[in-house]
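Novice: Quick one: the structure is below, questions incoming.
The values are calculated or read from the model by the stated rules, or taken from the named source; none is laboratory data. Given the structure is predicted, the values throughout are model-derived calculations rather than measurements. Surface areas here come from the heavy atoms of the whole protein model, side chains and all, with no ligands, DNA or RNA. Shrake-Rupley method; radii C 1.70, N 1.55, O 1.52, S 1.80 Å.
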Amino acid sequence: RMYLFDLCERLFARRDPDLAHRYHAALREARDRQSMLQVGETLVAEVARLAGAERAQSIRERLEQMQPPQRALSAAMSD
């Protein structure tokens, strides 16, 4: 979540303060992991539109790296 807030600030705050405000509000309202990831996907789509697919893909990859490994969680719960 903090990465998305930071990303929003760096990419949109100066260029489009209203857009940055909308993303900040959406991230604050995202109460669970799934809704937060949906806001992140929308933000990445906006990055693709403004900065290109390559930049959006690098952000998407970084977001994926930050996700907890599902298998590790499943293995720990079964022990």
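Novice: Going through region 47-65 one residue at a time, which ones are among the hydrophobic types (A, V, I, L, M, F, W, C) and closer than 22 Å to D16 by Cα?
Specialist: We begin by selecting, within region 47-65, every residue among the hydrophobic types (A, V, I, L, M, F, W, C); these are 47-48, 50-51, 53, 56, 59, 63.
Listed by number, the residues that qualify are V47, A48, L50, A51, A53, A56, I59.
Novice: Quick one: in region 33-53, which of the residues that are modelled with pLDDT of 90 or more, open to solvent by 80 Å² or more (accessible area, probe 1.4 Å) and charged (D, E, K, R) is nearest to C8 (Cα to Cα)?
Specialist: For region 33-53, the residue satisfying everything is E41.
Novice: If E29 meets every condition in (1) open to solvent by less than 100 Å² (accessible area, probe 1.4 Å); (2) modelled with pLDDT of 90 or more apart from one, which number is that one?
Specialist: Of (1) open to solvent by less than 100 Å² (accessible area, probe 1.4 Å); (2) modelled with pLDDT of 90 or more, only one is false for E29: (1).
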